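To start, the structure itself, in structure tokens.
The values are calculated or read from the model by the stated rules, or taken from the named source; none is laboratory data. Note that this is a predicted model, so its numbers are computed, not measured. We place every Cβ from the backbone using ideal geometry, glycine too, and count neighbours over all the protein chains shown.
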Amino acid sequence: MPIDFNSLQGSANHPLSTEKVDSLLSTFSKERKRLMCPNCNQQGHFRRHGSTKSGPPHLLFRCVICGKCFQAASMKYIIQNCCQEQSQIQAPTDMEQTRSFQENNNTHTPTTHSSQNDLQTVLDTIQRLTQELQQAREETNSLRSQTDKFQQQLLQQTQTADPFPSLNQQPPHRNPEATNQMSNLESAPWHEPAKIQRIKDNLFASRNQRRLQRQEAAARFLQPPSDNQGFQYIYVPTKARVPTGQVRSRLRKLDINNNRILDIHYPDRNILALLVHNDYAAELRQQLQRFKVTIKYDFDLCNPQNLRNPKYANLPLEERTNRAFMHHRDRMERAL
């Protein structure tokens with residue numbers, strides 16, 4: 001049932017003790033998926049949102065759909081209302097299950113006559129299986145005797161055969177497929193020292209490159225703070241939306257150090273955002289321009305046109321701008 005806003009606002013004025021706050025946080029983590037926002041009537045979208053700045057501070061909970069914030073006392077009222085609804089739903093279900101269990105017990109009472117029939121059926125089955133087992137043993141003994149007979153015949157033929165055939169006999173004819181397989185094996189890299197050496201050189205070069213990257217990362221820790229503190233996004237165009245793992249694999253092929261790429265996401269259609277430190281931004285742009293990759297300098301992440309969700313289409317321009325900024329802020333929180 002819907003939550004009364006008057007009761008909800010009245011409950012927000014009563015601060016909670018430390019024990020009640022701990023109990024509220026424990027219950028919130030368990031029931032968060034079932035809680036419904038009284039403002040937008042959406043279920044399962046509550047998140048922790050810090051505390052109020054006034055003293056004493058109050059915990060805040062925020063609905064990520066409508067952006068409405070609720071204090072700890074209000075959230076306690078919402079949780080109590082949700083638990084009452086759940087108990088009202090489960091009570092008829094428990095009564096139906098109890099009634100069904102009693103009916104099943106009444107309809108499945110065995111009788112003495114059916115037990116005797118079942119016992120006779122089991123005895124017949126045991127007798128049939130015993131006969132089948134005896135037949136299987138007889139067949140096994142017969143097959144064992146035949147195998148011994150064939151082994152003796154094969155041994156006699158081997159002893160009477162010529163152990164040293166004539167040298168004038170023609171060699172056996174090889175199958176063309178076997179010949180092709182042999183040629184493929186002979187042309188494999190491990191049969192050519194030059195190919196083996198090239199493979200070793202490539203492995204050694206990649207190993208050295210990773211070692212140098214680790215050394216550079218360790219050396220940056222022992223250097224004084226940079227004067228160019230801060231982070232920035234670099235936007236590049238894309239033809240399709242692929243997983244971030246594939247994006248990092250392709251950046252690695254362009255000799256870009258993935259350890260310096262802090263975050264990768266798609267802020268809009270056919271746009272890829274790369275979060276880097278200011279010290280690495282110039283080097284990344286130079287490496288991208290080396291492979292003729294166009295950098296989108298004029299892309300605005302907080303532009304309301306980037307909101308592609310149809311539910312934001314009819315909102316005013318100011319509201320859409322605020323929504324775009326909130327999405328950008330949430331993305332930055334997840335990245336950091």
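Going by the conditions given, is residue 280 of a type in the set (Phe, Trp, Tyr), surrounded by 11 or more Cβ atoms within 10 Å (Cβ to Cβ) and in contact (Cβ under 8 Å) with a residue 24 or more places away in the chain? For residue 280, the condition - of a type in the set (Phe, Trp, Tyr), surrounded by 11 or more Cβ atoms within 10 Å (Cβ to Cβ) and in contact (Cβ under 8 Å) with a residue 24 or more places away in the chain - is not met. A residue that is loosely packed, with under 15 Cβ neighbours inside 10 Å, touching a residue at least 12 places away in the same chain (Cβ under 8 Å), farther than 30 Å from residue 65 by Cβ and polar (S, T, N, Q) can be found somewhere in the range 286-294. Residue 26 meets the conditions (1) modelled with pLDDT of 80 or more; (2) polar (S, T, N, Q); (3) surrounded by 14 or more Cβ atoms within 10 Å (Cβ to Cβ) in every case but one. The failed one is (3). The residue of the range 295-318 that is surrounded by the fewest Cβ atoms within 10 Å (Cβ to Cβ), among those that are out of contact with any helix residue (DSSP H, G or I) (no Cβ under 8 Å at 6 or more places or on another chain) and part of a helix (DSSP H, G or I), is 310.
Is it the case that residue 315 is free of Cβ contacts under 8 Å to residues at least 60 places away in the same chain, hydrophobic (A, V, I, L, M, F, W, C), out of contact with any Asp or Glu (no Cβ under 9 Å at 6 or more places or on another chain) and over 21 Å from residue 241 (Cβ atoms)? In short, yes. With respect to the stated conditions, residue 268 is surrounded by 11 or more Cβ atoms within 10 Å (Cβ to Cβ), among the charged types (D, E, K, R) and out of contact with any strand residue (DSSP E or B) (no Cβ under 6 Å at 6 or more places or on another chain).
Residue 225 meets all of the listed conditions (1) of a type outside the set (D, E, K, R); (2) touching a strand residue (DSSP E or B) at 6+ places or on another chain (Cβ under 6 Å); (3) modelled with pLDDT under 85 but one, namely (2).
The conditions of being modelled with pLDDT of 85 or more and farther than 25 Å from residue 240 by Cβ are not met by residue 270.
The strands (runs of 3 or more DSSP E) falling completely within the range 223-279 that include 2 or more residues that are farther than 19 Å from residue 213 by Cβ and out of contact with any His (no Cβ under 9 Å at 6 or more places or on another chain) map to 231-237, 263-268.
Give me the pairs: first residue in the range 202-217 and assigned to a helix (DSSP H, G or I), second residue not aromatic (Phe, Trp, Tyr), beta-carbon distance under 8 Å, and six or more apart or on different chains, which are they? Every condition considered, the pairs that remain are 213/257; 213/259; 217/259.
Of the residues contained in the range 85-98, none is found to be modelled with pLDDT under 80 and more than 41 Å from the chain's Cα centre (by Cα).
Can you pull out every residue in the range 42-73 that is over 20 Å from residue 31 (Cβ atoms) and β-branched (Val, Ile, Thr)? Correct list: 52 only.
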